[in-house]
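J.: Sharing a structure below in structure tokens format, with a few things to ask.
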Amino acid sequence: MTRSPTLVALLAGCTLLGACGSTGVLGRERPDEFAVQRQAPLVVPPDFNLVPPAPGAPRPATDSPAQQTLEALFGGPAQRSAVESGVIGRAGRAEPGIRSSVGAPATNVVDKAVLTRDLIAAPEGAGASAQAVIPG
């Protein structure tokens, strides 16, 4: 009985040493780590078409970053149809300070909130029983 632990330890040691070998089924082709060559560094060829900017010359990119983004996303301004050009021509341009004068406290405005609320709350129907009421 005293021999069996010794025998088990000896068999385990032989099995572990046998796993270290590289012959037989476990032998396979491996790359040679010493045969690696270094690649030449990348070289950027000179561009002979580029000219350094002149002092005081305007920048070549005149568009703002927002304009460049819109052009990249949507492909630049599209040509307008004849109908769209006609509508824009008839509408005219607004006065330069129109937003300031519309928001001024002295501007007279019509409060249409009550009328809009009444129209939305009106019952559905054919309109046969509708009546016009003129306040006053």
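J.: Which of the residues spanning region 105-121 are of a type in the set (A, V, I, L, M, F, W, C) and surrounded by 10 or more Cβ atoms within 10 Å (Cβ to Cβ)?
T.: Leu115
J.: To continue, here is another question. Could you grab me the full set of residues in region 83-98 that are loosely packed, with under 10 Cβ neighbours inside 10 Å and in a helix (DSSP H, G or I)?
T.: Listed by number, the residues that qualify are Val83, Gly89, Arg90, Ala91.
J.: While we're on this one: Condition (residue is in a loop (DSSP other than H, G, I, E, B) and either of a type in the set (Asp, Glu) or modelled with pLDDT of 75 or more (or both)) applied to region 63-72: is it met by at least one residue?
T.: Of all residues in region 63-72, those in a loop (DSSP other than H, G, I, E, B) come to 63-64.
Now narrow it down to the ones that are either of a type in the set (Asp, Glu) or modelled with pLDDT of 75 or more (or both): 63-64.
Yes, because at least one residue in region 63-72 is in a loop (DSSP other than H, G, I, E, B) and either of a type in the set (Asp, Glu) or modelled with pLDDT of 75 or more (or both).
J.: Another question, if that's okay. Taking the stated definitions as given, is Arg80 surrounded by 10 or more Cβ atoms within 10 Å (Cβ to Cβ), under 30 Å from Ala66 (Cβ atoms) and among the charged types (D, E, K, R)?
T.: In short, yes.
The values are calculated or read from the model by the stated rules, or taken from the named source; none is laboratory data. Here the structure is a predicted model, which is why all the values come from computation and not from measurement. Counting neighbours? That spans all protein chains shown, and the Cβs are built from the backbone with ideal geometry, glycine included.
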